[in-house]
Structures are given as C-alpha cells and as structure tokens.
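Worksheet: one structure, shown below.
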Amino acid sequence: MEPFFLASSQGALFAVYHPPSTGCRECGGVLYVPPFAEEMNKARRMATLQAQRMAAAGWGVLIPDLYGTGDSAGDFADARWAIWQDDLGRCADWLRQRGHEHLMLWGLRLGGLLAMDRVAPIAAARLLLWQPVLSGQRFLHQFLRLRLTADRFKGGGDSMGQLQEKLAAGQSLEVAGYELHPELASALEQACPVTPPAQVCVDWFEVAGTIDATLSPASQRVVETWRTAGVAVHPQPVIGDAFWATQEIAEAPALLEATLTALLDHTP
C-alpha cells in the first residue's frame, strides 16, 4: 500500500495505491470513484478490503480522495463535478504511467454515476459498479432531506422547494455538515447514466437483504438499454448490508467475494 499526493488542477489529491502482488500476472489498473459526502467515509473499509483482494489477484488499484473531500486539498464547499471529472482523468494518467495499459473504473453509489460519465473520456476497458445511483436529481433531493429533517428537529426550517430556490439563487446550503455549493447541486441535478462504449465490459452489483432479490426496476431498465446498445453487462445481486449508510462501519463479505470472482471470470 502506497499513500501519496497526486498533483491536480486545484491542489494535491491524497491517494492510496495498492500495487499488484509480486509474481502475479498484471491484470490492469483499477481507479476507484468514491461515493458522496458521508457515504465515502462509511465505505472506506470496504473499498480497502476490495482493493487488497484485487491487488493480490494482479490488479493495481488507486483509491483517491477527490478534490474537496477526505485528505485532499480544498473544502467540500469548493468541490465541483467538473473538477472531479478532471481529477479522475489525472488519476487515470497516473495509473497508465505506472504501466497499467488497461484500466477499469470502479464506482460506488454516486461514484458509479461519475464513473459511467468518465468511461469514454478515459478510454477505460471495464466498468465495475457497486449499487450505482441512477438519478442525480433524486439523489440530490434525498441529500437535501437530511437538511429538512435536521431543521424540523430544531422546530422549523425551509421546505424542499425553498431549499431548491436558494440553490437556484446561488446560495450554498449546509447539509449534514457538508457545505453544498449551488454549482455542484446543479451538476447533480443533471447527472444521469451514460451508456458506455460497446466494447466496455460492465460488472454491476447490488446489495440486497434476501437471497432471491433481483436488481431494482430502475437498474434493470438501464441494463436493458445498455445491452440493446451492444454493451456486455453482467448484473448480480448479492446479500449484504448497505455498508455505505449503516450507523457503524459495516462489511459485505459476499460482495467482496462475488466481485473478485466476476472480475476473474470476465478477464480475457
């Protein structure tokens, strides 16, 4: 494991690189795209555990804190969707400079939506999705509800419509300890799934509470759209906790195992 700072357009990005284990056949580079706000912190342990497994199997895995998040430069109030897009491009360049010609983007939750957006510009060969967000607008509204709930406990506050009016007027909002800039909110509002190029192989995982669960209807619609466009998509529900949202740090062992198995099975 190699922690370091990577230069970006706005400041240094903190990142951790997990190199392929010595003696393994090099399988390519993996760029993790973290989820949003507190979900990123809740998911750190799972990201590390999966990266260790990937590295042991031959992948080089880079886990960055995007600008304004974690230990990277900037405050969350400075974060913008376009800056994160640029950060990922620089991270991909770094992986290629380390000798990883074939790249895979691995996105969790909102990071999945951002990863879909970057597959073509980065020319990634594979896409790994963990419980991807499929509507930036819906996700933003869910995030704003945290503010509404907190305000109600204080005996007052704005309505959802009033919060949206403030954002539209260019006002930042504090939500659950995170200062949300109106430009980032606007980008989230517009974010939606982008169909990958046909040659990209996609592994799509959703965590469920029962063994007979299937993908959500919204996910099934996107999967069918991508398959119609000629994209090879391998969806798989697995049993586990929603570790990105649990009160305590949680693990989903079945997801770790199923992910590595799928990656090995679908590696040329």
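The values are calculated or read from the model by the stated rules, or taken from the named source; none is laboratory data. What you see is a predicted model, and the numbers here were worked out from it, not measured in a lab. When we count neighbours, we look across all protein chains shown, and the Cβ atoms used for this are built from the backbone with ideal geometry, even at glycine. Areas reflect the complete protein model, heavy atoms only, side chains present, ligands, DNA and RNA absent. Shrake-Rupley method; radii C 1.70, N 1.55, O 1.52, S 1.80 Å.
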>> Given the -39500 (n - 2.57) contribution per DSSP H run of 4+ residues, what per-residue ellipticity at 222 nm results for the chain, rounded to the nearest 500 deg cm²/dmol?
In response: -13500 deg cm²/dmol
> Can you list the HN-Hα couplings for the range 67-80, worked out from phi with the Karplus curve (6.51, -1.76, 1.60; θ = phi - 60°), rounded to whole Hz and with x for Gly and Pro?
Replying inline: 3, x, 10, x, 9, 7, 5, x, 9, 4, 4, 8, 5, 9
>> As a test question: what accessible area, to the nearest 10 Å², does Glu179 have when a 1.4 Å probe is rolled over all protein chains in place?
In response: 70
> If you take all C-alpha pairs in the range 74-232, what percent of them are over 20 Å apart?
Replying inline: 57
> Roughly how much of Ser172 is accessible, in Å² to the nearest 10, using a 1.4 Å probe?
Replying inline: 40
> Which whole-number percentage describes the relative contact order of the chain, with Cα contacts under 8 Å and a sequence gap of 6 or more?
Replying inline: 18
> For the range 113-263, which whole percent of the accessible surface, found with a 1.4 angstrom probe, sits on carbon and sulfur atoms?
Replying inline: 52
> Taking amide hydrogens as modeled 1.01 Å from N in the peptide plane, which residues meet the under 5 Å criterion relative to His234, leaving out close sequence neighbours?
Replying inline: Val202, Asp203, Trp204
> Restricting the count to DSSP beta bridges whose residues both fall in the range 169-252, what percent are antiparallel, rounded to a multiple of 5?
Replying inline: 25
> Long-range amide H contacts for Ala12: which residues qualify at under 5 Å (H placed 1.01 Å from N, peptide plane, sequence gap of 5 or more or a different chain)?
Replying inline: Ala73
>> 5 Å is the cut-off here: which amide hydrogens, built 1.01 Å from N in the peptide plane, fall below it relative to Val175, excluding neighbours closer than 5 in sequence?
In response: Leu180
> Put +1 on the Cβ of each Lys and Arg and -1 on the Cβ of each Asp and Glu in the chain; which of Gly99, Gly23, Ala229 then has its Cα farthest toward the positive end of the dipole?
Replying inline: Ala229
